[in-house]
Amino acid sequence: MAVSGAVLVLFLIGHMVGNLKIFLGADDFNHYAHWLRTMGEPAVPRRTLLTILEVVISVAVVLHIWSAVSLGKRARAARPVKYQARKKSHAQGYAVHTMRYGGVIILLFVIWHLLDLTFLVVNPKGDGFTPYERVVADFDASRWYITVWYVLAVLLVGLHLRHGVWSAFNSLGWRTPRNDRTLRGLAFAVAGVVTLGFVSVPLSVTFGWVS
C-alpha cells in the first residue's frame with residue numbers, strides 16, 4: 001500500500017507540474033504535451049517511455065486497490081467482532097470513510113479524466129485540436145458543471161493524499177513520537193500543494209484567466 005501509494009504521489013506531483021505549464025501560454029503547454037510523447041527519441045521509438053510510464057502507473061493503481069481490499073479483509077478476519085462505538089474516535093471514522101468511499105470516487109474520476117483528455121471521447125474538441133485548446137474547451141464557463149466535478153474530485157484526492165502520505169510514513173516505520181507533528185505537517189503540505197496546483201487550471205479557465 002505504502003510503496004504503490006508513493007509511486008502515485010510522485011506521478012501526481014509530476015502531472016501537476018506539467019499542468020501548470022498552461023500558465024506559460026499555449027506554445028509552452030503544447031510543447032510539453034508533445035515532449036511527453038517524444039521523450040527518449042531518437043534512442044527509442046516515439047511514445048516508448050510514455051507507454052512504460054503508463055504501465056508503471058497502471059500497475060501501481062492495481063496494486064494500491066488490491067492492497068486496500070486485502071488489508072480490509074485481513075482486518076475484518078483478525079477481528080470479526082466490531083469495536084464498541086465508544087472506542088472508535090470521530091477521526092478514525094472520518095479517515096476510514098474518506099479513504100474507502102473517496103477512493104471509489106477518485107477511481108471513477110480517473111476513468112472520466114482518461115476518456116476526456118486522453119482518449120478524447122467526452123471532450124468538446126477531439127482530434128485536430130491542440131492539447132491547450134482541448135483543456136480550454138473542457139473547462140469553458142458554459143461547462144461550469146465539469147469544473148465543479150473536477151474540483152470536488154481533486155479535493156477528495158487531496159483528502160486521500162493527506163491521510164495516505166501520513167499513513168505511509170507510519171507503515172514504513174518512519175514515524176516516531178518525536179517527528180509525528182512534522183510528518184503530519186509534511187503530509188498536509190504535500191496534499192495542499194497538489195490540490196491547489198490541480199484546481200488552479202480549471203478554475204482559471206472557467207473564470208477567464210486562461211483562454
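The values are calculated or read from the model by the stated rules, or taken from the named source; none is laboratory data. Source: prediction; values computed, not measured. No Cβ is skipped: glycine too gets one built from the backbone with ideal geometry, and neighbour counts run over all protein chains shown.
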Selection from segment 194-211 of residues that are surrounded by fewer than 17 Cβ atoms within 10 Å (Cβ to Cβ) and either more than 21 Å from the chain's Cα centre (by Cα) or free of Cβ contacts under 8 Å to residues at least 12 places away in the same chain (or both): Leu196, Phe207, Gly208, Trp209, Ser211
Residue check for Arg143: more than 23 Å from Leu24 (Cα to Cα), assigned to a helix (DSSP H, G or I) and among the basic types (Lys, Arg): yes
Residue list for segment 47-71, restricted to those being more than 16 Å from the chain's Cα centre (by Cα), surrounded by 13 or more Cβ atoms within 10 Å (Cβ to Cβ) and among the small types (Gly, Ala, Ser): Ser67, Ala68
Residues satisfying the stated conditions in segment 115-124, i.e. under 16 Å from the mean Cα position of the chain (by Cα) and surrounded by 13 or more Cβ atoms within 10 Å (Cβ to Cβ): Leu115, Asp116, Leu117
Residue in segment 108-124 that is in contact (Cβ under 8 Å) with a residue 24 or more places away in the chain, assigned to a loop (DSSP other than H, G, I, E, B) and in contact with a Leu (Cβ under 9 Å, 6 or more places away or on another chain) present: no
The listed residue being among the basic types (Lys, Arg) and surrounded by fewer than 14 Cβ atoms within 10 Å (Cβ to Cβ), out of Arg181, Arg162, Arg175: Arg181
Identity of the residue in segment 151-184, of a type in the set (Lys, Arg) and not in a helix (DSSP H, G or I), that ends up farthest from Gly102 (Cα to Cα): Arg178
Pairs, first more than 19 Å from Gly158 (Cα to Cα) in segment 168-191, second outside any helix (DSSP H, G or I) and not charged (D, E, K, R), C-beta under 7 Å, six or more apart: Ser171/Met1
Some residue of segment 82-104 being at pLDDT 85 or above and assigned to a helix (DSSP H, G or I): no
Residue match in segment 15-38 (condition: within 25 Å of Val165 (Cα to Cα) and β-branched (Val, Ile, Thr)): yes
